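Report on one structure; see the data block that follows.
Since every read-out is calculated from the coordinates, none of them should be taken as a lab result. Owing to the predicted nature of the structure, the values given are computational and were not obtained by experimental measurement. Heads up, the Cβs are rebuilt from the backbone with ideal geometry, glycines too, and the neighbour counts pull from every protein chain shown.
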Protein chains: 4
Amino acid sequence: MAGSSFGNLFVLTTWGESHGKAVGVVVDGCPAGLDLKEEDIQKELDRRRVGQSRVTSQRKEEDRVEILSGIFEGKTTGAPISMIVYNKDVDSSKYESIKHLFRPGHADYTYQMKYGLRDYRGGARASARETVGRVAAGAIAKKILWEKEQIRIIGYTKQVGRFKAQKIDFSQIEQNIVRCPDPEVAKQMEEAIVQARKQGDSLGGIVEVVAQHVPPGLGEPVFDKLDADLAKALMSIPAVKGVEIGTGFAAAEMLGSEHNDPFTVIDGKIRTTRNHAGGILGGISNGEDIIVRMVVKPTSSILKTQQTVDIFGHPAEIRVEGRHDPCLCPRAVPVAEAMVALVLVDHWLRNKVSQFDKL
Amino acid sequence: MAGSSFGNLFVLTTWGESHGKAVGVVVDGCPAGLDLKEEDIQKELDRRRVGQSRVTSQRKEEDRVEILSGIFEGKTTGAPISMIVYNKDVDSSKYESIKHLFRPGHADYTYQMKYGLRDYRGGARASARETVGRVAAGAIAKKILWEKEQIRIIGYTKQVGRFKAQKIDFSQIEQNIVRCPDPEVAKQMEEAIVQARKQGDSLGGIVEVVAQHVPPGLGEPVFDKLDADLAKALMSIPAVKGVEIGTGFAAAEMLGSEHNDPFTVIDGKIRTTRNHAGGILGGISNGEDIIVRMVVKPTSSILKTQQTVDIFGHPAEIRVEGRHDPCLCPRAVPVAEAMVALVLVDHWLRNKVSQFDKL
Amino acid sequence: MAGSSFGNLFVLTTWGESHGKAVGVVVDGCPAGLDLKEEDIQKELDRRRVGQSRVTSQRKEEDRVEILSGIFEGKTTGAPISMIVYNKDVDSSKYESIKHLFRPGHADYTYQMKYGLRDYRGGARASARETVGRVAAGAIAKKILWEKEQIRIIGYTKQVGRFKAQKIDFSQIEQNIVRCPDPEVAKQMEEAIVQARKQGDSLGGIVEVVAQHVPPGLGEPVFDKLDADLAKALMSIPAVKGVEIGTGFAAAEMLGSEHNDPFTVIDGKIRTTRNHAGGILGGISNGEDIIVRMVVKPTSSILKTQQTVDIFGHPAEIRVEGRHDPCLCPRAVPVAEAMVALVLVDHWLRNKVSQFDKL
Amino acid sequence: MAGSSFGNLFVLTTWGESHGKAVGVVVDGCPAGLDLKEEDIQKELDRRRVGQSRVTSQRKEEDRVEILSGIFEGKTTGAPISMIVYNKDVDSSKYESIKHLFRPGHADYTYQMKYGLRDYRGGARASARETVGRVAAGAIAKKILWEKEQIRIIGYTKQVGRFKAQKIDFSQIEQNIVRCPDPEVAKQMEEAIVQARKQGDSLGGIVEVVAQHVPPGLGEPVFDKLDADLAKALMSIPAVKGVEIGTGFAAAEMLGSEHNDPFTVIDGKIRTTRNHAGGILGGISNGEDIIVRMVVKPTSSILKTQQTVDIFGHPAEIRVEGRHDPCLCPRAVPVAEAMVALVLVDHWLRNKVSQFDKL
């Protein structure tokens, strides 16, 4: 496979460039008989959309999704579901002047080296706009997981710069423009982002995703561990530079007796008394909440002057204009949720054939 | 695919349980004409082997590899390379008494839920013994990368508990039993591990891998980003709970102007003046050193008494005897190197067909 | 994978129903730097288009292709190439009255059993309309094969009913509406088809494809033999019930001394003196013409009254109206060529990484 | 994937050369909890074994299988099942003298062109010995299909040279050494094979496989049609040059009204009144018997002198000594059955996730 597809049984293939005609996705392997309409997709795309607030890009895109196939009389048929979103507010003029320059932190240089040419307009495939297809596919995954298992997937901005959420109140997440579950810290984050923008700079942060009510047994033992696939899924989101599960990197300083989650019985079910494992043991879900985090680097496009080189190998300076999010976290939240949902639905389907007696 | 295979063009499939007859691996897709002999594999397996020192398990395994296919007159033929290592020092007696108990931190419970039964002896597939096959396959990958591109892959223990390497001297790594590149800190790490073992406990840590001399262009733009595949590869190693690239999680507190690596020209080559990106931009290698880190949780098997539940749902206590590494980092180093090598060789092959003009 | 994708390195994913909004294809893995424009695709689609003559369906479709992604300044960029063809002349009225009936020879019953529901309009995914995407992707494959290796892929109708081409004159193929390389027999075929239509019936036939100038070495030794992949590719075309290579089924009555193609040297090249093998030995191309044949069953949609059953399990009679090709061969020719091209380009790319010394 | 693996959910990977140390297979994706012991595998291998009669090779191999992993207390655990068969009666002496010659009809030349070198001993991977792994994996597939669905897979020699079975009596198949279901014709076939051997020549033939009691719904609609995957599976068997389903190539001369199988109701079940389709409509099983045929070319290894070329490009003559089957059909029967079983079990598993309501 050439890298634009993801999944084993529930498979999405995304296509489209930031400044091309459209972006889209084909979802193959969705079981037949699921109620699905464009609104189910649209509501997730609206959460990812640009132009939502003063902390995001000012590009105006309606991001109106159209389902082109795979649905008949309101239900999925088992056929591939093709979805398209046209690019409407494309302005490539800002890219003309820098088309010979490699933007630091961007994929310009690496695409040029890989392919011998590149579409310099708006990052093309490297643009976060590619994630429209992920969110659209993820909306279907979420719907299946919710209807079948009442799995709920909740993402939020946990940190922006040095500001970290001190409490996690899910009801607050969509009440502020940074999607922080702590309303006090949300204000600080927002202010920090606005300041960074004013200085022509950008900020990094951390997004956390919790998946509740995941049944035990999802994940394959060796290479396709549930956490391994989550790590790939999240690391494949533009600007992500790290992923951790449960206590993650903090485990380096823990003792085994501290880190191991003791088993107990609650309400007749086998549970753990704490959740350092983040809901995954040996690569397989254990029924506790799945907790994953990813770090999002500060947006590479900044107005500040940077040193670079042009495609002829000459030193140059660059200021990256255009319309960019000064911090990617708020809009990365629905993308991260989508990727978690896609991994879970794929493993949920795979797990249906694990036991001989249940077949 | 059922999860025991890894790679797209250079594909390995591992098999075998910790307390079964043997463990092994089949490598399919190795180009024909590579000089390969058992010693090439053995030297890497010897680095992974147990019973090496007082900080590792006392199980005695020669881990003598036998190549069963794919080589003719000292060269690979393009056919699958099957390699086997027999388990010789198997002692399952310690597992009889706990076969009805779920060991905290282990995959016992999740395997039971997934499969409805489990091989309780020594962790079976969840055991680190499965990584014999990865290291054997990785040895081939390393050889290809070295002979063709002079790529060198160097792993080491960066942190154990609260002890962190303060300097990185590659020449020191194999001079101490914890594989720490800082000889002073190595002693502290060793002492800490011995103490943890005495207390019936275990320690976590961090392993870092550097890949030098990787050509630009490796990695696919969207889902199969080089860092995404590295993240999956490393997260699939037993006990790993987090992966980061370059500055990783530290990027959360950085500004774009700090994090972006400016381009420059050195010796006629386009380079970056620093390497916060860890050698990867937009999912594709940029020619700088690739730097990845993974956190290894403290060994789950500890002698200390823990609360648990048996397979009938009754509360119980458990002390996990057997022969275990009190800190997994030293032996995780060659495994991490192998996984990095396997990702790189697969993407190196994939990249051979990226440009029309070069075909 | 869920079955709508094909290929390993050059991967197409088709989507869309016969009576839906559009049909399309995403091609992932096309090398960067290939000159490609919509006309390159359109000329192949025009050969597959309906409404071309009195021996094909009367549905009128322009089949105008639009490339939505993957091209920049006239060249492929390495990104997925998304292509769409809108359905314009959709008339589902004929299907309303038979929506509860299972058409004999069609996939109605099997889709219903597989999915529990079905889109009854025009066969949906089972329609030959799905092959629009294959032909579009195949056009790219053909272009690569031609530009790089001067591979030429020529398909034609070899047999319709009991009329068999007696001579093979490639220049004649596109000179008659049945695409027969023998102009005399072409007239007989045409007449037979018209007669069958008049009687409310349909005719089967055989399509042959020759690939000239294929270099030796394409194909993998065991499961992904070149002929195995060709067999799958052709058998996946609607209505195909058999595939053979070279002498094919006639080999059953041959002696080894007759069937083996002796090697010789012609113009300094190793060649065979005849080509019973159809250009493939041990699953790998040998440099001779690749010759494959497929049998196309008579069109299942016929006006004659047939016995059937409705979805409630009651016996019924059915006459299948609508617009159908009375013989599928003429329009199956470009589809068969496309599938052969897709297999060849995929194996051509795969073969680029076979030899260590050439990497 | 590099071509030595087959299947999507039930995946086998074969390895090993004809004259190497051993041949083997890894089966990944077998559901946990299936009773499995070595005898289940051995009985199928015994049917494939050489040295069984005067119409097969005189190589003596016990073909004793050893299961190395994946079984615990008599049941599959969900882990990969590794099986090995050592090569015991290897005699490579006959190949020394012809190691520079390309045997007509064999893969010598194509392997040399693909890989730049080759293991000339006994055909290496191109040898029918590779099919040991297929038969071993197929034995597991058969067991699952039988225990869960009472699917029975019956293969037999339908034709040898010009001798065709006139009646199909399954009870007769294993009563004669050519595995022909017609005892009278069996004698003629046997005689013909013995005659061919005496003349230093070989014979082709046709093998048919019937799968009874296959539930409707297996197969995916577009590329992974059940018949497409069967075609690939059978065409990947050494020496096979054609595959057909149901009436196969005879459909070319049929009318739609003849070929379409009318639906009816028998014992409350929807059935067809005849089975020209061979049990597959639109790529999906319809509940009727699945009927597939493959043509096996006459054995390429013959004693008669043939014209060839050596690896230096010089004309030469060759007589292929060694121990060969003068007709491959009898021993191809269990291999064909295995491949059919492998395709069916894979699609049976895939079909478990087709309907939302049943998940």
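General observations
- The mean number of Cβ atoms from other chains found within 10 Å of a Cβ in peptide D:331-337 is 0, as a whole number.
- Two-site label geometry, residue D:191 and residue C:305: point separation in nm, points 7 Å out along Cα→Cβ: 5.3
- If R0 is 51 Å, the Cβ-Cβ spacing of residue D:54 and residue B:53 corresponds to a FRET efficiency of close to 0.25.
- Loop-located GluC sites (Glu not before Pro) in region A:204-270 (DSSP state not H, G, I, E or B) with no more than 13 neighbouring Cβ atoms inside 10 Å do not occur.
- Taking every residue in B:291-303 and counting other chain Cβ atoms within 10 Å of its Cβ, the average works out to 5.
- Cα centroid separation, region B:310-359 to region D:133-187: 44 Å.
- Taken along the Cα-to-beta-carbon direction at a fixed 7 Å, the label points for residue D:39 and residue B:150 span 6.3 nm.
- Sparse-neighbourhood loop sites, trypsin sites (Lys or Arg not before Pro) in region B:158-260 - DSSP loop, at most 16 other Cβ within 10 angstrom: B:162, B:167
- Of B:32, B:117, B:334, farthest towards positive along the dipole that unit charges on Lys, Arg, Asp, Glu beta carbons give chain B: B:117
- Considering the rotation that superimposes chain B on chain C, the residue of B whose beta-carbon lies nearest the axis, and that distance in Å, is B:352, 3.
- Charge dipole magnitude, Cβ of K and R +1, D and E -1 - region B:1-67, Cα centre, debye nearest 20: 400
- Think of it as helices only: each DSSP H run of n ≥ 4 in chain D is worth -39500 (n - 2.57), and spread over all residues that comes to -8000 deg cm²/dmol at 222 nm.
- Signed unit charges on C-beta, dipole axis of chain C, positive-most listed residue C:92, C:354, C:315: C:315
- Listed residue (B:136, B:151, B:105) projecting farthest to the positive dipole end of region B:81-155, Cβ model: B:151
- The protein assembly as shown: proportion of alpha-carbon pairs further apart than 69 angstrom, %: 5
- Estimated FRET transfer efficiency (residue C:289, residue A:213; beta-carbon r; R0 60 Å; 0.05): 0.50
- Peptide ranges D:320-326, B:32-38 listed from the most packed, as the mean C-beta count within 10 angstrom indicates: D:320-326, B:32-38
- Exercise: per-residue mean of other protein chain Cβ atoms within 10 Å, D:117-130: 4
- Residues residue A:312 and residue C:91, FRET efficiency given R0 of 51 Å [Cβ-Cβ distance, rounded to 0.05]: 0.30
- Cβ charges +1 (Lys, Arg) and -1 (Asp, Glu), total dipole of region C:310-359, debye: 320
- Rounded D (µm²/s) - region C:18-123, Kirkwood Rh over Cα pairs, Stokes-Einstein at 20 °C, 1.002 mPa s: 132
- Gain on full extension, evaluated as 0.36 nm per residue between residue D:46 and residue D:265 minus their Cα-Cα distance, stands at 74.7 nm.
- Only alpha carbons enter this Debye calculation for region C:5-358, each as an equal point scatterer, and the log10 of I(q)/I(0) it gives at q = 0.07, 0.14, 0.15 Å⁻¹ is -0.31, -1.21, -1.35.
- Estimated dipole of region C:5-358 in Debye, rounded to 20 [Cβ of Lys and Arg +1, of Asp and Glu -1, Cα centre]: 740
- For chain C, the longest principal axis of the Cα atoms and the long axis of helix C:329-351 meet at an angle of about 40 degrees.
- In this label model, residue A:100 and residue C:166 are separated by 6.8 nm, measuring between points 7 Å along each Cα→Cβ vector.
- DSSP-assigned coil residues among trypsin sites (Lys or Arg not before Pro) in region D:72-114, each with at most 14 further Cβ atoms within 10 Å: D:88, D:99
- Of every Cα-Cα pair in region D:50-105, the percent that sits beyond 19 Å: 58
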